[in-house]
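The next block holds one structure in the form of structure tokens; read it before the comments.
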Amino acid sequence: MRRLKRSEEIRRYIALLLVLALAGCNAPASIKTPAGRTAYTADQIVLRVGELQGAAIQAEQTGGLPATIARPIVETTVALNKILRDTPSGWQVTVQHAWADLKPKIPAQYRDSPALAAVWAAVDIAILSLGGTP
Amino acid sequence: MNPALLVAIIQNIVVPEVAGIIRAHRQQTGQDPTDAEIIAKLQIDATKFIDAGEAWLAAHPE
């Protein structure tokens, strides 16, 4: 019980820092068109998703994550990045649904593990704060 | 988890790579990146991660 509370505390701390960090990530003034701003936001999410994918692959390689758990994560990160790359506009709803679909497939013990907790929270916050409302 | 380690991890993760690239671009060219450059960067970044993910999936069949 104490461990769960500590884990929740850490996640909230990470989330707060991420919100503060992302708040300062507005597109530079030189990006003027809606397409450019959309691409900038999408790239922020692509980078966070890529970090989660890298962490999952590394954790699987070092024995910290079973391949059966890493697989749905990597399948989802590949799908998310394809959506973000190939859909210039209107990717928000699809990305949010794909991310929501992944969550119940990954047990909390792995989501909250040292290998994944921070990068998982980063994707969560990036999609929530940059993806808009479905 | 050690709080100092946690902060270090968070700082490394949350500091956006795009911001670093924009700074580097500004230093090199004296200008901020254009829309076309940001759109191209999105394509490059996404494709890089897609390729890495698909390679891992191919090496780890169900």
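A short reminder: the numbers here are calculations on the coordinates, not readings from a lab. Model, not experiment: these values are computed from the prediction. Quick reminder, even Gly has a Cβ in these numbers, built from the backbone with ideal geometry, and neighbours come from all protein chains shown.
With the requirement that a residue be over 16 Å from the mean Cα position of the chain (by Cα) and more than 7 Å from chain B (Cβ to nearest Cβ), what does the range A:43-68 give you?
Residues satisfying the conditions are A:Q58, A:A59, A:E60, A:Q61, A:T62, A:G63, A:G64, A:L65, A:P66, A:T68.
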Checked the range A:113-122 for anything outside any helix (DSSP H, G or I) and crowded, with 19+ Cβ neighbours inside 10 Å; matches are A:L116
Enumeration of residues in the range A:75-91 that are without any contact (Cβ under 8 Å) to a residue 24 or more places away in the chain and either farther than 13 Å from A:L102 by Cα or more than 10 Å from chain B (Cβ to nearest Cβ) (or both) | A:K82, A:I83, A:D86, A:T87, A:G90
Working carefully through the options A:Q96, A:Q92, find the one that is surrounded by fewer than 18 Cβ atoms within 10 Å (Cβ to Cβ), under 29 Å from B:I38 (Cα atoms) and within 15 Å of the chain's Cα centre (by Cα).
-> A:Q96
Checked pairs for the range A:62-74, first more than 19 Å from A:D101 (Cβ to Cβ), second of a type in the set (D, E), C-beta under 9 Å and 6 or more apart or across chains, list as A:P66/A:E60; A:A67/A:E60
